[in-house]
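Just below is one structure, and these are the notes that go with it.
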Amino acid sequence: MSNYKLQVKELNKIFSSGVMFKKDQFQAVKNISFNLRKGEILAIVGESGSGKSTTARMITNLIKPTSGEILYDGTNINNRKFKRLLPEKIQMVFQDPFAALNPNHTIGYAIGRPLELKKKAKGTVRERVLELLTQVGLTPAEDFIDKYPYQISGGQKQRAVIARVLGLEPEVIVADEPTSMLDVSIGIDIMNLMLDLREEKKLSYLLITHNLGSARYMADRIMVVFAGEVVEIGNAEEVINAPKHPYTKLLLHSSPDPWRTEVEEIEIVEFADTTLPKQGCKFQYRCPFVTESCKTVSIPLYGTSNDRQVRCNLYREELVHEQA
Amino acid sequence: MKKLKSILAYLWELIPGTKGVLGLAIIFCFIVIAIFGSYIAPYEKNYIAFEAWLSPSFTHWLGTDSYGQDILSQMIYGTQTSLLVAIVAGSITTCIGVLVGIVAGYKGGWIGEGLMRIVDLFLIIPTLALMIILASFLPSMGVTNTILIIGLLSWLYMARSIRSQTMSERESGYVEAARMAGMGDLEIMFREIMPNIIPVILANLVLVTTQAVLAEAGLSFLGLGDPSAVSWGTILSLAHANNAVLFNAWWWILPPGLAIACLCFGFILVGNGILDRFQANRGNAAL
Amino acid sequence: MGLNAGYILKRVGFALVTLYVAITVNFLLPRLMGGDIADTIASEMALGSPEVAAALREQFGLDNTNLFYQYKQYLVQLFQGNMGVSYVNYPAPVTEVMLSALPWTLGTVLIATILSYGIGWMIGIKGAWKSGSLFDNISLFVSFFLNSVPYFWIGIIMIMIFSFHLDLFPLGKAIPHDFDSLSFMGKITTIIHHAALPVISMIIASLAGHILVLRNNLIRVLSEDYMLLAKAKGLSNRRRKYTYGARNALLPSFTGLMITLGHVIGGALTMEIVFSYPGVGLVTFNAILNHDFPLIQGAFLFIAISVIIANLIADLMYPIIDPRVALQ
Amino acid sequence: MVNLLEINNLCIDYDSPRGKVKAVHNVSFTIKKGEIFGLVGESGCGKSTTAFGISRLLRPPAQISAGSITLNGQELTHLSEAEFDKLRWSHISIVLQSAMNNLNPVIKIQEQLIDAILAHKAMSAEEAINHAKYLLRLVDINEERLANFPHELSGGMRQRVVIAMALALQPDLIIMDEPTTALDVVVQNGIIHKILELQKDFGFSILFITHDLPLMLEICDRIGVMYAGELVEVTKREDLMEQARHPYTQGLLESFPPLKGEKRRLKGISGHPPDLVTPPDGCSFHPRCPYAMLQCKQKEPEKLHDNKGIIACHLYQEGGHRFEQLQTTSEGTK
């Protein structure tokens, strides 16, 4: 068995609008492949519409991929038998903690009901819920268990959501922008909690974010996606300190950083139109290094296995050489 | 018992403001009249031996009609039929509307789209026209048939409203969270989503009940009601058929219309209060 | 801009499907519950009009049990404009009876709807702009009340007050006996004179819905950011109210308008009975009283077709009025 | 530099079913001519409410209960509605949060641009259109876009249009309330640079509101930090980057994971902001403050004006620089 908790192979998702006339098709995710090791945090970074949330939803089986495979410990998650087990293996923390808890149920019910369904509680459900609440720092737990979501703050809600997820004892947690709806000071608490839980329970996280700072703070590896494609993947520090793909550079350059020392002025190609090229590199319209060959031939991911890959012709020589 | 108490407490929470209390009081009065009708009414049902066209007096508070019936008594007996039709037809409508709306809204895809296309289709055709054609081809029209026709044909608009509400709930994270927790579709639809749209359901319930009262009156007026039953609609219909206007018999025309208006007004107040209180999305509902 | 072929095709397609369903419902219903028809036929036979009975037998397929054959016949006949013979007006064909009734209904309903929409619009805007004001509260309660009464009752009350007591309008009917002898202008004034009260009654009866929908929409629009920005721009009250606010509030109510049209037509049917106004409603009423089944069916079809066409027109106008729809 | 806007002891309250909410409490600051002043804080801290108070856009029941606002020496709070309308847009314009709803969805860009102009200036329609074209060029948008409806533009372009609109009458002050929040960083960066460029060219002042402290540090000259309806610190950008003074500001800075430097665990700020109906006694930050002392719980700290700006914290009161002392002692114990 491989040491990968999760293997994603050639994942594609095409959305078509209109039930009767399937005219408009939109490829949200194109041939995305990656692996997630046990205990690892992989951040998927991209702008809105880059396909990062779609990927997360396919991995948690909330939507079906158009093609491609998602393997958990070597088993396809769309496998009939596996489907029922999925909640106990892969869980999700949602972007909006205000919406993720049903306003009509108490915190205790929200956390306890999945335990009941999956028969996860060893003692009584209530005892286990109290234990989980304590684990995520909602103490004293007795004060929280009978509260309704509107009675607690945003950060506490996200903690409750994490408690619910933990109750199912998954090994992989997909976190879709878990802090973007929260105030920054609260957000950092949630990130710290997630990091602590990873250590404690050897969890693997797939972190979806648009913020390079939080990606660096949380993740071991970073995968940058653009227009449904992986453009760069690699060790978090390497990607942030020495980005290769022009898009990653652009993202880094655009992220506010008042302490920026070196003024690496990369040429910004101002681009208002959001249409994508039909062939060739998806980033060609905005790339300052674009060449003729970028415009016609689609570009593969160059590089060595999982460690560092870049979808850019600039690195063909360098990385292909390395590979050899 | 504890559960019942919490349900009651929940319902109490739903009762909205002064408007709602006023509305509930109105409805309550009519219910009392309907239940104790035979004790309250001064004369027996359909007793026709009085002098015709008597204007209101102490013996006949609301006068008599062209057949020599005491109008007050008829009105009180009519309350029973009208309320019965309103409540039962309204409940049938609500059940179908909620069911179709939630399923179509939650399931989406082919089932949801298909259901809604059908709803849209029938929504275009005026409901009253459909009721007319159904009622006129039925072998006989009893109160049961009236209830069924109204109940089975009025849920379309409600289904749409519930559906759009369900769809916006579905976008909410808690539905996805429920799916991630391994809950089944039924549990998600009726235990997760439904409690959150109770205000909208109640407001719609109130609206369809109002429409049922009006539809019953309309059908009776068109001669499609139960000819043997006494309802506010049939009283009005008889008044018109016997040219009450030309006899200046306002006591025959005003009471049934006002009774309908008061009852519906009560329902509408309650519905409006609920929506106000929960600041629920009204969609295009005229409430 | 706005309209594209795909959209038009879709809407027309939907209208045709709706029409087809209406036609089929019209075909199936009497056959599903047709017990009463046979009785009527028998009584007609006994009363000595065998032609009527024969025509009825044929139209409702009592002679031939093959449903598909009947269905085919029904469609073919319908396509030729043949809806059978009305036996109340024997031997006038249903189509002819309906065609002579339809203009009266359409005329009054359209005028009433447009006026009621306009008036409701103004009251709704005024109420929403100063929501919570005395005017708003009064308009709200009056609307609730109007929504609570049957159309026809309003009609009866109007007749009682304005025709019977004040003698301002005729007691009913669309034209007087001596209509043919009148001059052209005289004809027009007398038509207006007769239609006035039914139209006014319909306006009053349907006003409430428009007021409430517009009021709710505008209150929602007023809380939008762009209204705040319009205020920050220092635009005049008038411009913010109408150009920025009302336009946005009006558009979503436009689709609602067509659903209300269904309601209004339903209401108009009963209203015509009150006013003895010779439109579809009165024809239907008489048909029901006399068990004139072909005529009831014809009335249903005519109502359905009118509403479907009205809806289609609205659907096609919508993208022209609302730029946001054009892109979808 | 001359003060353009002076705000003194501004208070904004509203009544909620649970009691009076002090959304903005005793806020005072000034904005100089040609300055970019930032207001930073977390949701509900009153930064947007302050902006709406200045531009008189508060929605009832919120209202200014005390304080003064002067623009170019003119007191604004005493002006009648009609008098204030004359100032709108020609002196104060505003760019609102969330790109989506700034523009009216059913009115063309052109009409929305020129009606702001025509409401204040006598100008022919043609001149106004020409001016609108010029404005679009300023923000790098093709003038053909005038004929478009808002939904036909991307989110970034719409926000550029709104900025062009804010420039229409060359106001003295533009209030920007989270102008780039919902946008992607690349788009945000483009717009921020455009704003800075235009500010340099035209010299207007900006009141820039955001929760994104790093972004603010990149562009603002001076920064005011708000917490629970109060302005707790006003500092020059350079000073803030060197050493934030108020414990809340320090915590806020500790909440943004940096892109540079050694990876270390960030502390953030424990707890959560207080309920504005029942704020805590004394300093409203004391329940979350790592340095909270006895007097913090008892006494509201005074707003101390010094050469660095304004600071409302007991650590800095009575001329004492208690914080520095604390720091040296804590470093000494390490």
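The values are calculated or read from the model by the stated rules, or taken from the named source; none is laboratory data. Quantities reported herein were computed from a predicted structural model and do not represent experimental measurements. Note that we place each Cβ from the backbone using ideal geometry, even for glycine, and neighbour counts take in every protein chain shown.
Within region D:156-171, track down each residue that is part of a helix (DSSP H, G or I) and either within 21 Å of the chain's Cα centre (by Cα) or of a type in the set (D, E, K, R) (or both). Passing the criteria: D:156, D:158, D:159, D:160, D:161, D:162, D:163, D:164, D:165, D:166, D:167. Please go through region A:124-142 and give me each residue that is outside any helix (DSSP H, G or I) and away from every other protein chain (no Cβ under 12 Å), ordered by number. The answer is A:124, A:136, A:138, A:139, A:140. Is it the case that some residue within region D:108-123 is touching a Pro at 6+ places or on another chain (Cβ under 9 Å), surrounded by fewer than 20 Cβ atoms within 10 Å (Cβ to Cβ), modelled with pLDDT of 90 or more and within 14 Å of chain C (Cβ to nearest Cβ)? Yes: region D:108-123 contains one or more residues that are touching a Pro at 6+ places or on another chain (Cβ under 9 Å), surrounded by fewer than 20 Cβ atoms within 10 Å (Cβ to Cβ), modelled with pLDDT of 90 or more and within 14 Å of chain C (Cβ to nearest Cβ). Considering each residue of region D:273-293 in turn, at least one proves to be surrounded by fewer than 18 Cβ atoms within 10 Å (Cβ to Cβ), touching a strand residue (DSSP E or B) at 6+ places or on another chain (Cβ under 7 Å), of a type in the set (Val, Ile, Thr) and more than 12 Å from every other protein chain (Cβ to nearest Cβ).
If you go through region D:221-263 and keep only what is in contact (Cβ under 8 Å) with a residue 60 or more places away in the chain, on the phi < 0 side of the Ramachandran plot and among the aliphatic types (A, V, I, L, M), you end up with D:223, D:225, D:226, D:231, D:232, D:234, D:252. The set of residues in region D:1-41 that are within 14 Å of the chain's Cα centre (by Cα) and within 14 Å of residue D:208 (Cβ to Cβ) comprises D:5, D:29, D:31, D:35, D:36, D:37, D:38, D:39, D:40, D:41. Can you say whether residue D:262 is more than 18 Å from the chain's Cα centre (by Cα) and either in a helix (DSSP H, G or I) or more than 9 Å from chain A (Cβ to nearest Cβ) (or both), as far as the supplied structure shows? Criteria met by residue D:262.
When region B:64-89 is filtered for residues that are surrounded by fewer than 22 Cβ atoms within 10 Å (Cβ to Cβ) and not in a helix (DSSP H, G or I), the ones remaining, listed by number, are B:66, B:67, B:68. Can residue C:247 be described as in contact (Cβ under 8 Å) with a residue 12 or more places away in the chain, surrounded by fewer than 24 Cβ atoms within 10 Å (Cβ to Cβ) and not acidic (Asp, Glu)? Taking the combined requirement at face value, the residue does not satisfy it. Inclusion of residue B:183 among residues that are in contact with a Leu (Cβ under 9 Å, 6 or more places away or on another chain) and within 14 Å of chain A (Cβ to nearest Cβ) is warranted. Of the strands (runs of 3 or more DSSP E) that lie entirely inside region A:1-75, those containing 2 or more residues that are modelled with pLDDT under 90 and in contact with a strand residue (DSSP E or B) (Cβ under 6 Å, 6 or more places away or on another chain) span A:4-16, A:25-37. You will find that of B:235, B:260, B:253, the residue that is more than 8 Å from chain C (Cβ to nearest Cβ), touching a residue at least 12 places away in the same chain (Cβ under 8 Å) and either surrounded by fewer than 24 Cβ atoms within 10 Å (Cβ to Cβ) or part of a helix (DSSP H, G or I) (or both) is B:235 and no other.
The criterion of at least 2 residues that are acidic (Asp, Glu) is met, among helices (runs of 4 or more DSSP H) falling completely within region B:137-191, by B:156-171.
Of the residues in region A:174-206, how many are within 26 Å of residue D:253 (Cβ to Cβ) and of a type in the set (Lys, Arg)?
Number of matching residues: 1.
Here is a check on your reading of the model: is residue C:248 farther than 21 Å from residue C:150 by Cα and within 9 Å of another protein chain (Cβ to nearest Cβ)? Yes, satisfied. Among the residues of region A:98-123, those that are within 10 Å of chain B (Cβ to nearest Cβ) and assigned to a loop (DSSP other than H, G, I, E, B) comprise A:101, A:102, A:103, A:104, A:105, A:118.
State whether the residues of region D:172-184 include one that is under 27 Å from the mean Cα position of the chain (by Cα), part of a helix (DSSP H, G or I) and within 11 Å of chain C (Cβ to nearest Cβ). No, region D:172-184 contains no residue that is under 27 Å from the mean Cα position of the chain (by Cα), part of a helix (DSSP H, G or I) and within 11 Å of chain C (Cβ to nearest Cβ).
Out of C:220, C:238, one residue alone is among the basic types (Lys, Arg), surrounded by fewer than 18 Cβ atoms within 10 Å (Cβ to Cβ), closer than 30 Å to residue D:95 by Cβ and more than 13 Å from chain B (Cβ to nearest Cβ). It is C:238.
So which residues in region A:85-133 are more than 19 Å from residue B:179 (Cα to Cα) and within 26 Å of the chain's Cα centre (by Cα), if there are any at all? Residues satisfying the conditions are A:132, A:133.
Of the residues making up region D:76-120, those that are closer than 23 Å to residue D:206 by Cα, in a loop (DSSP other than H, G, I, E, B) and in contact (Cβ under 8 Å) with a residue 12 or more places away in the chain are D:76, D:77, D:89, D:90, D:91, D:96, D:97, D:98, D:102, D:103, D:119, D:120.
Residues in region A:143-188 that are over 17 Å from residue A:101 (Cα atoms) and without any contact (Cβ under 8 Å) to a residue 40 or more places away in the chain were compared, and the one that is farthest from the other protein chains (Cβ to nearest Cβ) is A:143.
Residues that are assigned to a loop (DSSP other than H, G, I, E, B) and closer than 23 Å to residue D:283 by Cα were ranked within region D:197-239; the one that is nearest to the other protein chains (Cβ to nearest Cβ) is D:211. For region B:197-206, indicate whether the set of residues that are touching a Ser or Thr at 6+ places or on another chain (Cβ under 6 Å) and modelled with pLDDT of 90 or more is non-empty. Scanning region B:197-206, I find at least one residue that is touching a Ser or Thr at 6+ places or on another chain (Cβ under 6 Å) and modelled with pLDDT of 90 or more, so the answer is yes. Identify all residues within region A:34-81 that are crowded, with 16+ Cβ neighbours inside 10 Å, in contact with a Phe, Trp or Tyr (Cβ under 7 Å, 6 or more places away or on another chain) and without any contact (Cβ under 8 Å) to a residue 60 or more places away in the chain; write none if there are none. None - no residue of region A:34-81 is crowded, with 16+ Cβ neighbours inside 10 Å, in contact with a Phe, Trp or Tyr (Cβ under 7 Å, 6 or more places away or on another chain) and without any contact (Cβ under 8 Å) to a residue 60 or more places away in the chain, so the list stays empty.
Among the residues in region B:123-140, are any without any contact (Cβ under 8 Å) to a residue 12 or more places away in the chain and more than 11 Å from chain C (Cβ to nearest Cβ)? First the steps, then the outcome.
Step one: filter region B:123-140 for residues without any contact (Cβ under 8 Å) to a residue 12 or more places away in the chain, giving B:124-126, B:129, B:133, B:137-140.
Those left that are additionally more than 11 Å from chain C (Cβ to nearest Cβ): none.
The answer is no, given that none of the residues of region B:123-140 is without any contact (Cβ under 8 Å) to a residue 12 or more places away in the chain and more than 11 Å from chain C (Cβ to nearest Cβ).
Looking at region C:93-151, which of its residues are within 30 Å of residue B:270 (Cβ to Cβ), aromatic (Phe, Trp, Tyr), away from chain B (no Cβ under 14 Å) and touching a residue at least 12 places away in the same chain (Cβ under 8 Å)? Within region C:93-151, just C:129 meets the criteria.
Can you confirm whether region C:224-233 contains a residue that is at pLDDT 90 or above and not in a helix (DSSP H, G or I)? The answer is yes; a qualifying residue exists.
When the criteria are applied in full, residue B:191 fails the requirement of being out of contact with any strand residue (DSSP E or B) (no Cβ under 7 Å at 6 or more places or on another chain), among the basic types (Lys, Arg) and away from every other protein chain (no Cβ under 12 Å).
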